[in-house]
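J.: Sharing a structure, written as C-alpha cells. Questions coming.
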Amino acid sequence: MQRKRTDNAADVRRAKGGPISEFIDRHYRHFNAAVLKEAADGYRDHLDGGGKMMITVAGAMSTAELGVSLAEMIRQDKVHAITCTGANLEEDIFNLVARSHYERIPNYRELSPQQEEQLLNRHLNRVTDTCIPEEEAMRRIESVFSKNGSPRRKRRSESFPTSFCLRFCGNAGSNNFTRSIRRTVG
C-alpha cells in the first residue's frame, strides 16, 4: 500500500522539536529516511495520545552507554518500561567498577591470532573494540558475589542470575553488594 504524503509532511520549514527533529523534518523526506521520519512521528503521536512505550534491548548495549540516552528518555516520560537480557546488567556492573581501566583496540578487525592470544595472556577480555580487564572487572565482581553466595545456594531456588544481581543492586546505597563494590573500587 502506497502512502500519500500530507501537506504537513512536505512542509520542510515545519519544526516539531529540537535540533534533531528539525534536521529529520527538513532532510528525511524520501525512501528509508522518510520511513524513519514517519516512525518518529508515530512514536511522538503515540505518546501525545497517552500511550506508553517499552524498549526491548538484546545484547550488551550498556557498553555503548545506552543508559545515558534511556535515562533522559525516562525522565522525559518517553520510555515507560525496559526489557533487556542479562548481558546488559552484567556490562553495567563491569562498567561501574572498571570503565577507567578499559582498553580500546581500534584496529580489532586486523588482529592476528597471536595478538588475540597476547590480549588473553594479559587477562583482557575483548568485546569488539574494547577490552575489559579481568582483574579490574570480573574478579572484583566475582569476589563480591562469592562472599554473598549464589542464588541457588542462598535461596535454594531456581532464580535466574539476573534476579540475583538485581537483589544486590536494587537498593543502591543500603545493601551489601553496593557497600562491597564501593569498598572494592575504593
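Bear in mind that the values in this text are calculations on the coordinates, not laboratory data. As the structure is a prediction and not an experimental result, all values here were calculated from the model. Methodologically, a virtual Cβ is constructed for each residue, glycine included, from the backbone with ideal geometry; neighbour enumeration extends over all protein chains shown.
J.: Show the residues, 5+ positions off or on another chain, whose built amide H is closer than 5 Å to the amide H of Val57.
T.: Thr83, Cys84, Thr85
J.: Please arrange Asp129, Asp77 by how many other C-beta atoms lie within 10 Å of their C-beta, fewest to most.
T.: On the way: Asp129 13, Asp77 10.
Lowest count first: Asp77, Asp129.
J.: Using the Karplus curve 6.51 cos²θ - 1.76 cosθ + 1.60 with θ = phi - 60°, what ³J(HN,Hα) values do you get for each residue of the stretch 101-108, in whole Hz, with x for Gly and Pro?
T.: 9, 4, 10, 7, 10, x, 9, 4
J.: Treat the count of other C-beta atoms within 10 Å as a stand-in for reagent exposure and order Phe31, Phe94 from fewest to most. Don't skip to the end; give the middle numbers.
T.: On the way: Phe31 8, Phe94 24.
So the ranking, lowest neighbour count to highest, is Phe31, Phe94.
J.: Lys52 to His27: extension gain in nm, 0.36 nm per residue of separation minus the Cα-Cα distance?
T.: Details: separation 25, 0.36 × 25 = 9.00 nm, distance 2.80 nm.
Here the segment from Lys52 to His27 would lengthen by 6.2 nm.
J.: Oh, and also: When Lys and Arg each count +1 and Asp and Glu each count -1, what net charge do the other residues less than 11 Å away from Thr130, Cβ to Cβ, add up to?
T.: Here the charged neighbours net out to 0.
J.: Give the long-range amide H neighbours of Ile105: residues separated by 5 or more places, or on another chain, with amide H under 5 Å away, using H modelled in the peptide plane at 1.01 Å from N.
T.: HN-HN under 5 Å from Ile105: Thr130, Cys131.
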